[in-house]
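Below is one structure, written out as structure tokens, with a few remarks after it.
Just so it is clear, none of the values below were taken in a lab; they were calculated from the coordinates. Just so it is clear, the model here is predicted, and its values are computed rather than measured. Cβ sites come from the backbone with ideal geometry, for glycine too, and all protein chains shown count toward neighbours.
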Protein chains: 2
Amino acid sequence: MDYFSFSATERRTLPPAVAVSAVAFALRPPAGAVTAPGTVTGGDQTTLWIPLVRRVRPPFKGVWALPGGPLRFDQTLTQAAENTLWETVRHAPAYLEQLYSFGGLDRSGHAQRLVTIAYWALYAEPELAAAQQEDVDNVAWFSADTLPELAFDHADIVDYALWRLRTKTGYAAVAHRFLGETFTLTQLRGVHEAILGARVDPANFRRQALSQGNLIDTGKVESGAKHRPASLYRLRSTS
Amino acid sequence: MDYFSFSATERRTLPPAVAVSAVAFALRPPAGAVTAPGTVTGGDQTTLWIPLVRRVRPPFKGVWALPGGPLRFDQTLTQAAENTLWETVRHAPAYLEQLYSFGGLDRSGHAQRLVTIAYWALYAEPELAAAQQEDVDNVAWFSADTLPELAFDHADIVDYALWRLRTKTGYAAVAHRFLGETFTLTQLRGVHEAILGARVDPANFRRQALSQGNLIDTGKVESGAKHRPASLYRLRSTS
């Protein structure tokens with residue numbers, strides 16, 4: 001069972017093995033926020049970030065890749081996704097869901113074929129602020145708009161995760177999970193804009209958001225010395 | 001690499017291997033339709049069927065299971081799902097989609113752990129009528145309401161597939177795929193009733209179906225010598 005005793009041809013004809021990969025999304029707030037160690041992206045609009053890991057061994061040595069790795073015999077799929085995110089971000093995500101399994105014939109190059117079961121995750125601002133205190137070797141956060149070249153078929157996996165995030169925003173509470181327990185309508189609009197990659201008219205957004213019936217006015221306002229502090233909302237519990 | 005040279009303990013600690021499983025749905029029309037070889041279910045309402053395969057080797061020898069098997073090194077995931085359905089039903093489905101991956105630690109008993117990537121499929125009436133001419137060893141169709149005991153965690157996989165089918169019916173064209181190119185509103189209501197497992201009021205269904213704007217009246221009526229033949233509709237193309 002020594003993998004390296006097989007020739008390259010033999011490796012390709014081994015039964016496919018299983019890996020788990022994770023696409024984690026967080027929001028980088030506009031200018032003024034603390035910059036995370038290793039952050040490459042710039043700009044002053046709210047944007048989606050994704051943490052990547054620089055590969056330290058072949059194949060694709062030195063190339064950025066999604067967090068992930070081979071599934072161990074004693075890990076469930078979800079545990080494997082949680083572990084790889086913990087090792088990368090040093091914090092648990094606010095949301096984690098299986099995305100899709102990718103098993104293209106050539107995705108592993110000349111190595112034993114790997115089928116990867118991809119998960120997607122969301123990090124809310126409090127966890128992200130804590131993560132910004134950490135500096136993990138060979139890990140950096142990138143703007144989803146300007147990702148570097150990715151190893152394997154990871155660019156396809158990111159595209160699929162972005163599609164799922166965008167199509168789920170309309171009918172689920174995904175956008176809210178990026179924020180804390182309470183948030184202003186302006187913050188909520190920023191999340192939508194970052195996910196959609198487009199500007200949203202503030203007045204239209206306000207009317208639509210309030211008409212859906214899933215936002216509850218907490219009666220409180222945001223802290224800070226503003227002239228007209230904004231109302232804080234929370235998401236209606238669906239359980 | 002001889003699997004059987006490993007002890008049971010060693011097998012459990014091998015890296016997990018990959019399998020593909022398929023939950024295929026078809027509709028059994030009400031009384032009067034031809035009965036497929038090996039059909040166990042009865043009744044005279046339209047119901048969902050699922051094809052199962054009786055296992056001929058351990059584990060779970062003699063127990064019914066979903067069509068499926070280990071992923072070959074030279075098959076994509078979709079090809080593996082198509083192949084196992086072809087071997088079981090002898091026809092290609094009208095619809096095939098990846099469902100979810102199942103990787104519970106104990107799902108393979110004492111054998112090497114298998115992670116199975118489940119697909120779900122729909123067979124339309126024309127393909128099913130053709131399939132009814134075939135008689136494949138150790139294959140039978142069962143009503144989704146009265147499935148026998150299933151091997152592994154296949155009952156969980158069927159439950160998940162039913163949930164996906166039911167939650168997708170409201171907003172997608174899944175129900176229409178069971179039928180041919182054209183269909184009557186009564187046939188369409190029968191599909192909805194079979195998927196939901198409940199009766200639907202004919203007048204309400206007719207009003208809602210026609211108000212959604214995705215049905216086009218072909219101007220033709222069903223063939224046969226009826227006093228008031230029903231209008232035939234087709235689904236509006238979304239491409």
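If I model a spin label as a point 7 Å beyond the Cα along the Cα-Cβ vector, how far apart are those points for A:Gln79 and A:Glu149 in nm?
Output for this residue pair reads 3.7 nm.
Using Cα centres only, tell me the gap between the range B:94-118 and the range A:55-71 in whole Å.
So the separation of the two Cα centres works out to 25 Å.
Applying the Karplus parametrisation 6.51 cos²θ - 1.76 cosθ + 1.60 with θ = phi - 60° to the phi angles of the range A:216-221, what ³J(HN,Hα) value in whole Hz is obtained for each residue in order, glycine and proline being reported as x?
10, 6, 6, x, 9, 10
For A:Asp145, place a label point 7 Å out from Cα along the Cα→Cβ vector, do the same in each other copy, and report the separations in nm, one decimal, smallest first.
Distances to the matching label points in the other copies: 5.5 nm.
HN-Hα J couplings of the range A:183-196 from phi, Karplus 6.51/-1.76/1.60, θ = phi - 60°, integer Hz, Gly and Pro as x?
With the stated coefficients, the range A:183-196 comes to 7, 8, 5, 5, 4, 5, 5, x, 5, 4, 5, 5, 5, 6 Hz.
Could you give the size of the charge dipole of the range B:54-170 about its Cα centre, using +1 on the Cβ of each K and R and -1 on the Cβ of each D and E, expressed in debye and rounded to the nearest 20? Don't jump to the answer; show the numbers that get you there.
Working: 11 positive and 15 negative charges, 73 e Å.
The calculation lands at about 360 debye.
Over all residues in A:11-19, what is the mean tally of Cβ atoms on other chains that come within 10 Å of each residue's Cβ? The partial results should precede the final answer.
Values: counts 1, 2, 3, 2, 10, 11, 5, 11, 2.
What the average comes to for A:11-19 is 5.
Can you find, among A:Gln208, A:Pro229, A:Leu196, the residue farthest towards the positive end of the dipole of the range A:193-239? Put +1 on the C-beta of Lys and Arg, -1 on that of Asp and Glu.
Among A:Gln208, A:Pro229, A:Leu196, the one farthest towards the positive end of the dipole of the range A:193-239 is A:Pro229.
May I ask you to report, in nm to one decimal and beginning with the shortest, the distances from A:Leu196 to the same position in the other copies, taking label points 7 Å along Cα-to-Cβ?
From this label point to the equivalent ones elsewhere in the assembly: 3.2 nm.
How high is the FRET efficiency between A:Val136 and B:Lys168 when r is their beta carbon distance and R₀ equals 30 Å, given to the nearest 0.05? Each step should come with its number before you reach the end.
Details: r = 39 Å, r/R0 = 1.32.
Calculated transfer efficiency: 0.15.
Given +1 on the Cβ of Lys and Arg, -1 on the Cβ of Asp and Glu, and no further charges, what dipole in debye does the range B:133-229 carry about its Cα centre, rounded to the nearest 20?
Numbers: 11 positive and 13 negative charges, 181 e Å.
It comes to approximately 860 debye.
Just to confirm my numbers, what's the Cα centroid distance between the range B:143-166 and the range A:182-239 in Å?
41 Å
Considering only the label points, 7 Å along Cα→Cβ from Cα, what distances in nm to one decimal separate A:Gly213 from the same position in each other copy, shortest first?
When each copy's label point is compared with this one, the spacings are 2.2 nm.
Using amide H atoms built 1.01 Å from N in the peptide plane, name the residues 5+ places from A:Arg113, or on other chains, whose amide H lies under 5 Å from its own.
Amide H neighbours of A:Arg113: A:Leu14, A:Ala17.
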